[in-house]
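Here the structure is laid out as structure tokens; the discussion comes afterwards.
The values are calculated or read from the model by the stated rules, or taken from the named source; none is laboratory data. In this text, all values refer to a predicted model and were calculated from it rather than measured experimentally. Reconstructed Cβ throughout: ideal geometry from the backbone, glycine too, with neighbour counts over all protein chains shown.
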Amino acid sequence: MALYKKLPLINNSWTLFLDRDGVINVETGDYIYKKDEFEFNPGALDALRHLSEMFGRIVVVTNQRGVGKGWMTLDDLLHIHEYMLDEIKATGGRIDAIFYNTAVDDDHPDRKPNPGMTKRAQDMFPEIDFDKSIVVGDKLADMQLARNIGAISVLIPSLHSNDLPGHTDVDFVFNSLFDFADHLRSN
């Protein structure tokens, strides 16, 4: 369901940057405060298993302002991520790293669409080449992050993206992470 151009052939020299809420887990319209509220999107675990076979690195980059606002604790966030990683691993997938930003300030260098989290990922994994990267997200900030690092942007529509499918910062639109993975597998 690509809108603009054909996706390149992916191999293990490519990096996949994933947003969390709305891409991996169900977007509720509110913050996910506790592990018990975290629910994987349909097909997300299967998608991550397949994507793990294709991409050299898979990195989650997620804005988590709820911690900065004091609505949840950092421990709550870490428990959610621990649960998410355990479930992904148990089904044959992998996430190589999770970078999160809890700042309230939109100008913080790590807050998407600013590239700080992706640059930290590149520091951790020097083989990451932004020209061989895809950013998958459900918000304009994710699409702008892709533009800011020179990556391909993939939109997974959610509650936050009603007007985005035709936006100039969106390269491709897929209904779900599973549909994106399925498309890559079939090409």
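The single condition among (1) in contact (Cβ under 8 Å) with a residue 40 or more places away in the chain; (2) buried (at least 16 other Cβ atoms within 10 Å of the Cβ); (3) farther than 23 Å from residue 162 by Cβ; (4) of a type in the set (A, V, I, L, M) that residue 9 does not meet is (2).
Among all positions in the stretch 49-67, there is at least one residue which is farther than 18 Å from residue 138 by Cβ and among the hydroxyl-bearing types (Ser, Thr, Tyr). Checked against (1) modelled with pLDDT under 95; (2) farther than 18 Å from residue 21 by Cα; (3) in contact with a helix residue (DSSP H, G or I) (Cβ under 7 Å, 6 or more places away or on another chain), residue 166 passes all but a single condition, namely (3). For residue 35, the conditions (1) out of contact with any Gly (no Cβ under 9 Å at 6 or more places or on another chain); (2) modelled with pLDDT of 95 or more all hold with the exception of (2). Taken together, 74, 85 contain a single residue that is surrounded by fewer than 17 Cβ atoms within 10 Å (Cβ to Cβ), farther than 21 Å from residue 16 by Cβ and not acidic (Asp, Glu), which is 74.
For the stretch 114-146, the set of residues classified as under 16 Å from residue 7 (Cα atoms) and of a type in the set (Lys, Arg) consists of 132 only. If only residues of the stretch 104-139 that are crowded, with 18+ Cβ neighbours inside 10 Å, aliphatic (A, V, I, L, M) and in contact with a helix residue (DSSP H, G or I) (Cβ under 8 Å, 6 or more places away or on another chain) are counted, the one that is farthest from residue 179 (Cα to Cα) is 128. Among the residues of the stretch 137-177, those that are within 23 Å of residue 50 (Cβ to Cβ) and of a type in the set (Val, Ile, Thr) comprise 152, 154, 156, 170, 173. Of all residues in the stretch 89-102, those satisfying the criterion of being over 14 Å from the mean Cα position of the chain (by Cα) and surrounded by 17 or more Cβ atoms within 10 Å (Cβ to Cβ) are 93, 102. Taken together, 75, 21 contain a single residue that is within 12 Å of the chain's Cα centre (by Cα) and of a type in the set (D, E, K, R), which is 21. Just to be sure, is residue 184 hydrophobic (A, V, I, L, M, F, W, C) and modelled with pLDDT under 95? When the stated conditions are applied, residue 184 does not pass them. The set of residues in the stretch 2-38 being charged (D, E, K, R) and at positive phi is empty.
Could you check the stretch 28-38 and list, in sequence order, the residues that are closer than 20 Å to residue 79 by Cβ and surrounded by fewer than 20 Cβ atoms within 10 Å (Cβ to Cβ)? Selection gives 28, 30, 31, 33, 34, 35, 36, 37. Considered as a group, the residues in the stretch 150-159 that are surrounded by 18 or more Cβ atoms within 10 Å (Cβ to Cβ) and touching a helix residue (DSSP H, G or I) at 6+ places or on another chain (Cβ under 8 Å) include one that is farthest from residue 134 (Cα to Cα), and that residue is 156. Counting residues in the stretch 39-59 that are among the β-branched types (Val, Ile, Thr), buried (at least 17 other Cβ atoms within 10 Å of the Cβ), over 14 Å from the mean Cα position of the chain (by Cα) and at negative phi gives zero.
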